[in-house]
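Let me begin by presenting the structure, written as C-alpha coordinates, before commenting on it.
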Amino acid sequence: MTDEMMNLRTLVEKSSDAELLREMVGFAAHRLMELEVEGLVGAGHGERSPERINQRNGYRDRDWETRAGTVELRIPKLRKGSYFPAFLEPRRMAEKALTAVIQEAYVHGVSTRSVDELVKAMGMTGISKSQVSRLCGELDGKIATFLERPLEGDWPYVWLDATYVKARRDGRIVSVAVIIAVGVNGDGRREVLGITIGASEAETFWTAFLRKLARRGLRGVKLVISDAHEGVKAAVAKVLSASWQRCRIHFMRNVLAHAGKQGRRVVSAFIGTAFAQDDAEAARTQWRQVADQLRPRVKKLAEFMDEAEPDVLAYMSFPAAHRPKLHSTNPIERLNGEIKRRTDVVGIFPNDEAIIRLVGAILLEQNDEWAVQRGRYMTLETIAPMSDDPLVKLPAAAA
(Lines give C-alpha, C1' and ligand atoms only; values in the text may rest on other atoms or scores of the structure.)
Protein backbone atom coordinates (compact mmCIF):
# COMPACT_ATOMS: atom_id res chain seq x y z
CA MET A 1 0.00 0.00 0.00
CA THR A 2 2.96 2.35 0.76
CA ASP A 3 4.34 1.91 -2.78
CA GLU A 4 0.93 2.68 -4.26
CA MET A 5 0.68 5.93 -2.21
CA MET A 6 4.15 6.97 -3.39
CA ASN A 7 3.11 6.35 -7.01
CA LEU A 8 0.00 8.46 -6.45
CA ARG A 9 2.05 11.34 -4.99
CA THR A 10 4.40 11.17 -7.98
CA LEU A 11 1.42 11.49 -10.33
CA VAL A 12 0.11 14.51 -8.44
CA GLU A 13 3.48 16.26 -8.69
CA LYS A 14 4.32 15.52 -12.33
CA SER A 15 1.04 15.14 -14.30
CA SER A 16 -1.19 17.73 -15.91
CA ASP A 17 -4.74 18.08 -14.65
CA ALA A 18 -6.38 15.93 -17.37
CA GLU A 19 -3.64 13.32 -17.20
CA LEU A 20 -3.82 13.29 -13.40
CA LEU A 21 -7.57 12.74 -13.46
CA ARG A 22 -7.23 9.90 -15.97
CA GLU A 23 -4.49 8.24 -13.93
CA MET A 24 -6.50 8.59 -10.73
CA VAL A 25 -9.50 6.92 -12.40
CA GLY A 26 -7.23 4.10 -13.55
CA PHE A 27 -5.73 3.76 -10.07
CA ALA A 28 -9.18 3.56 -8.44
CA ALA A 29 -10.42 1.06 -11.05
CA HIS A 30 -7.35 -1.12 -10.49
CA ARG A 31 -7.92 -1.17 -6.71
CA LEU A 32 -11.61 -2.01 -7.17
CA MET A 33 -10.78 -4.92 -9.47
CA GLU A 34 -8.17 -6.26 -7.07
CA LEU A 35 -10.63 -6.14 -4.18
CA GLU A 36 -13.33 -7.90 -6.23
CA VAL A 37 -10.93 -10.62 -7.38
CA GLU A 38 -9.63 -11.15 -3.85
CA GLY A 39 -13.21 -11.85 -2.80
CA LEU A 40 -13.73 -14.33 -5.64
CA VAL A 41 -10.40 -16.09 -5.10
CA GLY A 42 -10.50 -16.08 -1.31
CA ALA A 43 -6.96 -14.72 -0.96
CA GLY A 44 -4.84 -11.72 -1.90
CA HIS A 45 -2.35 -11.61 -4.78
CA GLY A 46 0.43 -14.10 -3.99
CA GLU A 47 -1.06 -14.86 -0.57
CA ARG A 48 -1.21 -18.42 0.72
CA SER A 49 -4.48 -19.12 2.46
CA PRO A 50 -6.49 -22.27 3.35
CA GLU A 51 -9.60 -20.31 2.35
CA ARG A 52 -8.45 -19.97 -1.28
CA ILE A 53 -11.08 -21.30 -3.71
CA ASN A 54 -9.65 -20.18 -7.04
CA GLN A 55 -6.44 -19.12 -8.82
CA ARG A 56 -5.49 -16.09 -10.89
CA ASN A 57 -4.65 -16.63 -14.53
CA GLY A 58 -2.98 -13.46 -15.81
CA TYR A 59 -4.67 -10.37 -17.25
CA ARG A 60 -6.47 -9.16 -20.35
CA ASP A 61 -6.18 -5.60 -21.62
CA ARG A 62 -9.19 -3.39 -22.29
CA ASP A 63 -9.63 0.28 -23.10
CA TRP A 64 -12.23 2.06 -20.96
CA GLU A 65 -13.73 5.23 -22.43
CA THR A 66 -14.38 7.78 -19.67
CA ARG A 67 -15.01 11.52 -19.51
CA ALA A 68 -11.40 11.87 -18.43
CA GLY A 69 -10.25 10.10 -21.59
CA THR A 70 -9.28 6.54 -22.46
CA VAL A 71 -8.13 4.52 -19.45
CA GLU A 72 -6.10 1.39 -20.13
CA LEU A 73 -7.28 -1.39 -17.82
CA ARG A 74 -5.68 -4.75 -17.03
CA ILE A 75 -8.59 -6.99 -16.05
CA PRO A 76 -7.59 -10.05 -13.97
CA LYS A 77 -8.49 -13.50 -15.29
CA LEU A 78 -9.37 -16.58 -13.22
CA ARG A 79 -8.58 -20.24 -13.82
CA LYS A 80 -12.15 -21.27 -12.98
CA GLY A 81 -15.02 -19.21 -14.27
CA SER A 82 -14.78 -15.66 -15.50
CA TYR A 83 -14.53 -12.18 -14.01
CA PHE A 84 -15.83 -8.88 -15.30
CA PRO A 85 -15.55 -5.67 -13.25
CA ALA A 86 -18.84 -4.61 -11.69
CA PHE A 87 -18.23 -0.94 -12.57
CA LEU A 88 -18.05 -1.68 -16.31
CA GLU A 89 -21.14 -2.21 -18.39
CA PRO A 90 -20.60 -5.13 -20.80
CA ARG A 91 -21.74 -4.36 -24.34
CA ARG A 92 -23.34 -7.68 -25.19
CA MET A 93 -23.74 -8.56 -28.85
CA ALA A 94 -27.54 -8.65 -28.73
CA GLU A 95 -27.60 -5.19 -27.17
CA LYS A 96 -25.41 -3.92 -30.02
CA ALA A 97 -27.83 -5.52 -32.45
CA LEU A 98 -30.78 -3.86 -30.74
CA THR A 99 -29.01 -0.52 -31.01
CA ALA A 100 -28.35 -1.17 -34.69
CA VAL A 101 -31.98 -2.05 -35.38
CA ILE A 102 -33.26 1.05 -33.61
CA GLN A 103 -30.74 3.20 -35.47
CA GLU A 104 -31.71 1.68 -38.79
CA ALA A 105 -35.40 2.28 -38.14
CA TYR A 106 -34.59 5.84 -37.10
CA VAL A 107 -32.56 6.54 -40.25
CA HIS A 108 -35.18 5.04 -42.58
CA GLY A 109 -37.86 7.25 -41.09
CA VAL A 110 -40.08 4.40 -39.88
CA SER A 111 -39.57 4.79 -36.14
CA THR A 112 -42.50 5.27 -33.80
CA ARG A 113 -42.65 7.87 -31.07
CA SER A 114 -41.58 5.36 -28.43
CA VAL A 115 -38.57 4.25 -30.47
CA ASP A 116 -37.58 7.87 -31.03
CA GLU A 117 -37.70 8.51 -27.29
CA LEU A 118 -35.65 5.39 -26.64
CA VAL A 119 -33.01 6.53 -29.12
CA LYS A 120 -32.77 9.90 -27.40
CA ALA A 121 -32.59 8.24 -23.97
CA MET A 122 -29.62 6.20 -25.19
CA GLY A 123 -27.86 9.42 -26.19
CA MET A 124 -27.91 8.71 -29.93
CA THR A 125 -28.51 11.92 -31.82
CA GLY A 126 -27.42 12.96 -35.27
CA ILE A 127 -26.99 9.35 -36.46
CA SER A 128 -25.64 9.04 -39.98
CA LYS A 129 -26.22 6.19 -42.43
CA SER A 130 -22.48 5.50 -42.55
CA GLN A 131 -22.46 4.96 -38.77
CA VAL A 132 -25.37 2.56 -39.04
CA SER A 133 -23.72 0.65 -41.91
CA ARG A 134 -20.48 0.29 -39.99
CA LEU A 135 -22.19 -0.98 -36.85
CA CYS A 136 -24.45 -3.36 -38.76
CA GLY A 137 -21.56 -4.71 -40.84
CA GLU A 138 -19.64 -5.74 -37.73
CA LEU A 139 -22.59 -7.80 -36.48
CA ASP A 140 -23.75 -9.26 -39.78
CA GLY A 141 -20.48 -11.05 -40.47
CA LYS A 142 -20.39 -12.81 -37.09
CA ILE A 143 -24.07 -13.75 -37.23
CA ALA A 144 -23.84 -15.08 -40.80
CA THR A 145 -20.83 -17.25 -39.87
CA PHE A 146 -22.77 -18.66 -36.91
CA LEU A 147 -26.00 -19.34 -38.81
CA GLU A 148 -24.23 -20.93 -41.79
CA ARG A 149 -21.76 -23.10 -39.84
CA PRO A 150 -21.57 -26.84 -40.68
CA LEU A 151 -23.59 -29.12 -38.40
CA GLU A 152 -21.33 -32.03 -37.48
CA GLY A 153 -22.26 -35.38 -35.94
CA ASP A 154 -25.69 -36.76 -35.10
CA TRP A 155 -28.60 -34.68 -33.78
CA PRO A 156 -31.08 -37.14 -32.21
CA TYR A 157 -33.54 -34.49 -31.02
CA VAL A 158 -34.66 -31.28 -32.72
CA TRP A 159 -37.15 -28.68 -31.45
CA LEU A 160 -38.91 -26.35 -33.88
CA ASP A 161 -40.96 -23.32 -32.94
CA ALA A 162 -42.09 -20.02 -34.41
CA THR A 163 -42.71 -16.54 -33.11
CA TYR A 164 -44.12 -13.59 -35.02
CA VAL A 165 -42.80 -10.05 -35.43
CA LYS A 166 -43.97 -7.07 -37.47
CA ALA A 167 -41.98 -5.81 -40.44
CA ARG A 168 -42.36 -3.46 -43.39
CA ARG A 169 -42.74 -5.06 -46.80
CA ASP A 170 -43.57 -3.14 -49.97
CA GLY A 171 -44.81 -0.20 -47.92
CA ARG A 172 -47.11 -2.35 -45.76
CA ILE A 173 -46.78 -3.57 -42.16
CA VAL A 174 -47.13 -7.37 -42.02
CA SER A 175 -46.56 -10.16 -39.50
CA VAL A 176 -43.72 -12.51 -40.42
CA ALA A 177 -42.88 -15.87 -38.91
CA VAL A 178 -39.46 -16.28 -37.31
CA ILE A 179 -38.67 -20.01 -37.21
CA ILE A 180 -36.02 -21.32 -34.81
CA ALA A 181 -34.48 -24.78 -34.64
CA VAL A 182 -32.68 -26.09 -31.56
CA GLY A 183 -31.08 -29.53 -31.33
CA VAL A 184 -29.24 -31.86 -28.98
CA ASN A 185 -26.10 -33.42 -30.47
CA GLY A 186 -24.45 -36.78 -29.85
CA ASP A 187 -22.57 -35.31 -26.87
CA GLY A 188 -25.81 -34.39 -25.13
CA ARG A 189 -25.32 -30.64 -25.59
CA ARG A 190 -27.85 -28.13 -26.89
CA GLU A 191 -27.13 -25.88 -29.83
CA VAL A 192 -29.09 -23.42 -31.94
CA LEU A 193 -29.26 -24.98 -35.40
CA GLY A 194 -30.70 -22.19 -37.48
CA ILE A 195 -33.29 -19.51 -38.15
CA THR A 196 -35.42 -18.47 -41.08
CA ILE A 197 -38.11 -15.90 -41.86
CA GLY A 198 -41.25 -16.40 -43.90
CA ALA A 199 -44.68 -14.99 -44.56
CA SER A 200 -46.43 -18.11 -43.21
CA GLU A 201 -45.84 -21.61 -41.86
CA ALA A 202 -46.79 -23.43 -45.05
CA GLU A 203 -45.36 -26.87 -45.83
CA THR A 204 -43.13 -25.49 -48.58
CA PHE A 205 -41.64 -23.03 -46.13
CA TRP A 206 -40.87 -25.74 -43.53
CA THR A 207 -39.52 -28.08 -46.20
CA ALA A 208 -37.11 -25.45 -47.53
CA PHE A 209 -35.87 -24.69 -43.99
CA LEU A 210 -35.28 -28.35 -43.08
CA ARG A 211 -33.55 -29.01 -46.40
CA LYS A 212 -31.21 -26.12 -45.75
CA LEU A 213 -30.36 -27.61 -42.33
CA ALA A 214 -29.80 -30.99 -44.00
CA ARG A 215 -27.40 -29.44 -46.52
CA ARG A 216 -25.42 -28.00 -43.60
CA GLY A 217 -25.08 -31.49 -42.12
CA LEU A 218 -28.16 -32.17 -40.00
CA ARG A 219 -28.48 -35.94 -39.74
CA GLY A 220 -29.29 -38.73 -37.31
CA VAL A 221 -32.56 -37.07 -36.22
CA LYS A 222 -34.81 -39.46 -34.31
CA LEU A 223 -37.50 -37.13 -32.97
CA VAL A 224 -38.72 -33.64 -33.87
CA ILE A 225 -40.80 -31.73 -31.32
CA SER A 226 -43.11 -28.89 -32.39
CA ASP A 227 -46.69 -27.65 -32.17
CA ALA A 228 -49.45 -29.27 -34.23
CA HIS A 229 -48.88 -27.67 -37.59
CA GLU A 230 -49.60 -29.87 -40.60
CA GLY A 231 -46.89 -28.12 -42.60
CA VAL A 232 -44.08 -28.98 -40.21
CA LYS A 233 -45.37 -32.53 -39.74
CA ALA A 234 -45.34 -33.18 -43.49
CA ALA A 235 -41.92 -31.53 -43.90
CA VAL A 236 -40.38 -33.64 -41.13
CA ALA A 237 -41.64 -36.85 -42.75
CA LYS A 238 -40.40 -35.75 -46.16
CA VAL A 239 -36.95 -34.36 -45.30
CA LEU A 240 -35.81 -36.01 -42.06
CA SER A 241 -37.78 -39.28 -41.94
CA ALA A 242 -37.98 -38.89 -38.17
CA SER A 243 -40.73 -39.38 -35.59
CA TRP A 244 -42.79 -36.34 -34.72
CA GLN A 245 -43.83 -35.32 -31.21
CA ARG A 246 -46.80 -33.03 -30.85
CA CYS A 247 -46.19 -30.55 -28.04
CA ARG A 248 -48.08 -31.87 -25.03
CA ILE A 249 -48.69 -28.40 -23.60
CA HIS A 250 -50.31 -27.14 -26.80
CA PHE A 251 -52.37 -30.34 -27.04
CA MET A 252 -53.71 -29.97 -23.49
CA ARG A 253 -54.82 -26.41 -24.23
CA ASN A 254 -56.82 -27.68 -27.21
CA VAL A 255 -58.28 -30.56 -25.19
CA LEU A 256 -59.45 -28.33 -22.35
CA ALA A 257 -61.23 -26.10 -24.85
CA HIS A 258 -63.48 -29.12 -25.62
CA ALA A 259 -64.00 -29.98 -21.94
CA GLY A 260 -65.78 -26.81 -20.83
CA LYS A 261 -65.06 -24.81 -17.68
CA GLN A 262 -66.61 -27.31 -15.29
CA GLY A 263 -64.82 -30.39 -16.59
CA ARG A 264 -61.34 -29.05 -17.28
CA ARG A 265 -59.80 -30.12 -14.00
CA VAL A 266 -61.23 -33.65 -14.20
CA VAL A 267 -60.25 -34.13 -17.85
CA SER A 268 -56.73 -32.85 -17.17
CA ALA A 269 -56.31 -35.30 -14.30
CA PHE A 270 -57.64 -38.21 -16.39
CA ILE A 271 -55.31 -37.60 -19.32
CA GLY A 272 -52.40 -37.02 -16.93
CA THR A 273 -52.62 -40.66 -15.82
CA ALA A 274 -51.50 -41.71 -19.32
CA PHE A 275 -48.44 -39.46 -19.13
CA ALA A 276 -47.52 -40.97 -15.76
CA GLN A 277 -47.04 -44.50 -17.17
CA ASP A 278 -43.59 -46.12 -17.27
CA ASP A 279 -43.53 -47.28 -20.90
CA ALA A 280 -45.13 -46.60 -24.25
CA GLU A 281 -47.46 -49.61 -24.27
CA ALA A 282 -48.87 -48.82 -20.82
CA ALA A 283 -49.31 -45.17 -21.81
CA ARG A 284 -51.24 -46.11 -24.96
CA THR A 285 -53.47 -48.53 -23.03
CA GLN A 286 -54.28 -45.93 -20.39
CA TRP A 287 -54.87 -43.31 -23.10
CA ARG A 288 -57.52 -45.46 -24.78
CA GLN A 289 -59.22 -46.20 -21.46
CA VAL A 290 -59.48 -42.50 -20.69
CA ALA A 291 -60.84 -41.77 -24.17
CA ASP A 292 -63.46 -44.50 -23.80
CA GLN A 293 -64.54 -43.15 -20.41
CA LEU A 294 -65.00 -39.67 -21.85
CA ARG A 295 -66.72 -40.81 -25.08
CA PRO A 296 -70.32 -41.10 -23.78
CA ARG A 297 -70.30 -37.53 -22.39
CA VAL A 298 -67.83 -35.66 -24.59
CA LYS A 299 -67.67 -37.44 -27.92
CA LYS A 300 -65.67 -34.73 -29.72
CA LEU A 301 -63.01 -34.77 -27.03
CA ALA A 302 -62.66 -38.56 -27.23
CA GLU A 303 -62.34 -38.43 -31.03
CA PHE A 304 -59.75 -35.68 -30.65
CA MET A 305 -57.77 -37.98 -28.32
CA ASP A 306 -58.07 -40.89 -30.78
CA GLU A 307 -56.62 -38.79 -33.57
CA ALA A 308 -53.79 -37.29 -31.51
CA GLU A 309 -52.66 -40.43 -29.64
CA PRO A 310 -49.63 -41.47 -31.76
CA ASP A 311 -48.29 -37.92 -31.97
CA VAL A 312 -48.77 -36.89 -28.34
CA LEU A 313 -47.29 -40.15 -26.99
CA ALA A 314 -44.39 -40.41 -29.47
CA TYR A 315 -41.86 -39.37 -26.79
CA MET A 316 -42.75 -42.41 -24.64
CA SER A 317 -40.75 -44.64 -27.04
CA PHE A 318 -37.52 -42.85 -26.11
CA PRO A 319 -35.30 -43.21 -23.01
CA ALA A 320 -37.08 -42.37 -19.74
CA ALA A 321 -34.29 -39.97 -18.75
CA HIS A 322 -35.01 -37.85 -21.85
CA ARG A 323 -38.82 -37.79 -21.69
CA PRO A 324 -39.25 -34.74 -19.40
CA LYS A 325 -37.45 -32.67 -22.06
CA LEU A 326 -39.09 -34.26 -25.10
CA HIS A 327 -42.83 -34.05 -24.49
CA SER A 328 -43.18 -30.33 -25.32
CA THR A 329 -41.52 -27.29 -26.86
CA ASN A 330 -40.84 -25.86 -23.38
CA PRO A 331 -37.03 -26.08 -23.86
CA ILE A 332 -37.31 -23.50 -26.63
CA GLU A 333 -40.10 -21.38 -25.12
CA ARG A 334 -37.74 -19.48 -22.82
CA LEU A 335 -35.60 -18.57 -25.81
CA ASN A 336 -38.69 -17.40 -27.68
CA GLY A 337 -39.67 -15.29 -24.67
CA GLU A 338 -36.30 -13.54 -24.72
CA ILE A 339 -36.64 -12.92 -28.46
CA LYS A 340 -40.12 -11.48 -27.96
CA ARG A 341 -38.89 -9.22 -25.16
CA ARG A 342 -36.12 -7.77 -27.33
CA THR A 343 -38.16 -7.47 -30.53
CA ASP A 344 -41.06 -5.75 -28.77
CA VAL A 345 -38.70 -2.84 -28.08
CA VAL A 346 -38.23 -2.35 -31.82
CA GLY A 347 -41.92 -2.62 -32.66
CA ILE A 348 -41.78 -2.61 -36.47
CA PHE A 349 -38.64 -3.83 -38.24
CA PRO A 350 -37.56 -1.88 -41.31
CA ASN A 351 -36.63 -5.04 -43.26
CA ASP A 352 -35.90 -8.77 -42.96
CA GLU A 353 -32.16 -8.15 -42.55
CA ALA A 354 -32.85 -6.23 -39.33
CA ILE A 355 -34.85 -9.20 -37.97
CA ILE A 356 -32.04 -11.64 -38.74
CA ARG A 357 -29.54 -9.24 -37.18
CA LEU A 358 -31.30 -8.91 -33.84
CA VAL A 359 -32.68 -12.45 -33.47
CA GLY A 360 -29.43 -13.96 -34.78
CA ALA A 361 -27.44 -12.05 -32.17
CA ILE A 362 -29.74 -13.28 -29.39
CA LEU A 363 -29.37 -16.87 -30.61
CA LEU A 364 -25.59 -16.53 -30.85
CA GLU A 365 -25.47 -15.32 -27.25
CA GLN A 366 -27.66 -18.19 -26.06
CA ASN A 367 -25.59 -20.73 -27.97
CA ASP A 368 -22.41 -19.41 -26.34
CA GLU A 369 -24.01 -19.72 -22.90
CA TRP A 370 -25.00 -23.32 -23.55
CA ALA A 371 -21.49 -24.11 -24.82
CA VAL A 372 -19.79 -23.04 -21.58
CA GLN A 373 -22.25 -24.72 -19.23
CA ARG A 374 -20.63 -27.42 -17.17
CA GLY A 375 -23.49 -29.91 -17.24
CA ARG A 376 -24.75 -31.51 -20.43
CA TYR A 377 -28.41 -31.12 -21.34
CA MET A 378 -28.57 -34.92 -21.60
CA THR A 379 -25.95 -37.22 -20.10
CA LEU A 380 -23.46 -38.89 -22.40
CA GLU A 381 -24.45 -42.31 -21.07
CA THR A 382 -28.08 -41.89 -22.09
CA ILE A 383 -27.54 -40.02 -25.37
CA ALA A 384 -24.75 -42.20 -26.83
CA PRO A 385 -27.02 -45.19 -27.69
CA MET A 386 -29.13 -42.83 -29.85
CA SER A 387 -26.29 -42.30 -32.33
CA ASP A 388 -26.26 -44.01 -35.74
CA ASP A 389 -22.46 -44.11 -35.63
CA PRO A 390 -21.28 -47.39 -34.01
CA LEU A 391 -18.05 -45.72 -32.90
CA VAL A 392 -20.01 -43.27 -30.77
CA LYS A 393 -22.15 -45.85 -29.00
CA LEU A 394 -20.93 -46.94 -25.59
CA PRO A 395 -20.01 -50.62 -25.11
CA ALA A 396 -22.55 -52.88 -23.42
CA ALA A 397 -22.30 -53.35 -19.65
CA ALA A 398 -21.35 -57.00 -20.06
CA ALA A 399 -18.36 -56.04 -22.20
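The values are calculated or read from the model by the stated rules, or taken from the named source; none is laboratory data. This structure is a prediction, so every number in the text was calculated from the model and none was measured. So basically every Cβ, Gly included, is an ideal-geometry build from the backbone, and we count neighbours across all protein chains shown. Accessible surface areas use protein heavy atoms only, side chains included; no ligands, DNA or RNA. Shrake-Rupley method; radii C 1.70, N 1.55, O 1.52, S 1.80 Å.
In table form, for the structure just shown:
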| item | result |
| --- | --- |
| Rounded percent of accessible protein surface that carbon and sulfur make up, the stretch 246-399, 1.4 Å probe | 52 |
| Set LYS233/LYS300; LYS142/LYS340; LYS261/LYS340; LYS77/LYS325; LYS80/LYS166 screened for pairs whose C-alpha atoms are more than 32 Å apart | LYS77/LYS325; LYS80/LYS166 |
| Amide H partners (placed H, <5 Å) of GLY217, local residues excluded | LEU151 |
| Residues ARG253 and GLN293, FRET efficiency given R0 of 22 Å [Cβ-Cβ distance, rounded to 0.05] | 0.55 |
| Highest average packing first - 283-290, 75-82, Cβ atoms within 10 Å | 283-290, 75-82 |
| Model label zone, GLU333; criterion: amide N under 16 Å from point 7 Å along Cα-to-beta-carbon; scope the stretch 301-327 | 324-327 |
| Nonlocal amide H pairs with ILE225, under 5 Å, H built at 1.01 Å | VAL158, TRP159, LEU160, GLN245 |
| Solvent exposure of the stretch 163-315 as accessible area per residue, Å², 1.4 Å probe | 48 |
| Hz values of 3J(HN,Hα) by residue in the stretch 315-332 - Karplus curve (6.51, -1.76, 1.60), Gly and Pro given as x | 5, 5, 7, 10, x, 4, 5, 8, 4, x, 9, 9, 6, 8, 8, 3, x, 9 |
| Approximate spin-label separation ARG31-ARG265, in nm, with each point projected 7 Å along Cα-to-Cβ | 6.3 |
| Three-way shape label, the stretch 278-340, alpha-carbon gyration tensor, a/c 1.5 | oblate |
